[in-house]
Amino acid sequence: MSVSLTRLPSLDLVRGFVAVGRRMSITLAAQDLCLTQSAVSRQVHTLEDILGVKLFHRGYRSIQLSAEGERLFRIADVSVQQLQDVIGVLDTRQQRRPVTITLSTGVAALWLLPRLSRLQARHRAIDLRIATSNKVLDLKAEGIDLAIRYCAEAAAPTGALRLFGERLLAVCHPSLAVPRGDPAEVIRHSVLLEFDEPRRAWLQWPSMLQGVGLASVRPRSVMRFNQYEQVIQAAVAGQGIALGRVALVEPMLADGRLVALAPFSAEHEADSAYWLIQAVPEPHRDVAAVVGWIRQEAGELARSIARVSKSAAKKSARTLEA
């Protein structure tokens, strides 16, 4: 028996229920809806109170639909999807402005682009515009929503979100014939791939060699590049050893395109890090969704960096003991 329109639960409650049902996670549903976990949890509880039934069985770090919940979800999910589809067709804002993000060419090529498929899978309707620039731009004046910048904490604007820090590892293609044992011999027999940027001495080989006590050792030769992504492309092509910024080369270390060489590893001595900057503190929905996605990716990367750093430290200790 149908109920009257006046007795139908609000669409917000149904939308919250469907979001949880699709994800089987209140945390992920909250991210999809750009709400807090407590807000989504309240929506589900309110709907259960209105209907007088339990829609989910809640366990420790798990959630499952009840029999009544499954029955409601089968219909509600289809209905909400139909609403999404027709509103997408009718909404004149489909010509809306894309979310514009600016970042350096190196961070765009090595960090953002390899991850974009995950953003597209999660937010299919968001249009993204990537503006690569190594200059610090005025976001509001340029009509830019977000920026990812590498700078010291003192230089980061108020409200900037720290994404992850900096760590360097010597990296090369696994097929490269690099001598084992004495680190000095590794340098003498190798081509070093250098980022030719005087303002970033920290990212250059002389600083690394001095840090491991090999400042006087001369390599076989040096190849210099004025763009950091070119340095890494050359390393992947097996042309020499590069100083890999772990935040940017972690996927290549994970899938074996690059391997790390001990004991050439260092943390940044300064407080420089990668920061996410918003043009306005309360952006529109699409920008907020992209911010949420970037924060999630940064959190996962931070955990990966910690694992890589721990592995590099063990390799360095074994090399020094030998």
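Please tell me if residue 154 is more than 28 Å from residue 264 (Cβ to Cβ) and not in a helix (DSSP H, G or I). No; evaluated as a whole, the condition is false for this residue. Residues in the range 172-212 that are closer than 30 Å to residue 293 by Cβ and either free of Cβ contacts under 8 Å to residues at least 60 places away in the same chain or touching a Phe, Trp or Tyr at 6+ places or on another chain (Cβ under 9 Å) (or both): 4 in all. Contact map, the range 293-304: first residue among the charged types (D, E, K, R) and modelled with pLDDT of 85 or more, second residue part of a helix (DSSP H, G or I) and loosely packed, with under 14 Cβ neighbours inside 10 Å, Cβ cut-off under 8 Å, separation 6 or more or different chains; pairs are 297/118. Considering only residues in the range 119-161 that are surrounded by 13 or more Cβ atoms within 10 Å (Cβ to Cβ) and among the basic types (Lys, Arg), the one that is nearest to residue 97 (Cα to Cα) turns out to be 129. Selection over the range 66-80 of residues that are in contact with a helix residue (DSSP H, G or I) (Cβ under 6 Å, 6 or more places away or on another chain) and over 15 Å from residue 15 (Cα atoms) gives a count of 0.
Among 170, 234, 247, which is the only one that is hydrophobic (A, V, I, L, M, F, W, C), out of contact with any helix residue (DSSP H, G or I) (no Cβ under 9 Å at 6 or more places or on another chain) and not in a loop (DSSP other than H, G, I, E, B)? It would help to see each step written out before you state the result.
Working: 170 fails: out of contact with any helix residue (DSSP H, G or I) (no Cβ under 9 Å at 6 or more places or on another chain); 247 fails: out of contact with any helix residue (DSSP H, G or I) (no Cβ under 9 Å at 6 or more places or on another chain).
Checking each option against the conditions leaves just 234.
Annotation: residue 287 fulfils all but one of (1) assigned by TED's automatic domain parsing to the domain that holds residue 173; (2) crowded, with 20+ Cβ neighbours inside 10 Å; the unmet one is (1). Candidates are the residues of the range 134-177 that are under 26 Å from residue 207 (Cβ atoms) and among the charged types (D, E, K, R); the one that is farthest from the chain's Cα centre (by Cα) is 135.
The values are calculated or read from the model by the stated rules, or taken from the named source; none is laboratory data. Please read these numbers as outputs of a predicted model, since none were measured by experiment. Glycine gets a Cβ as well: all are built from the backbone with ideal geometry, and neighbour counts include every protein chain shown.
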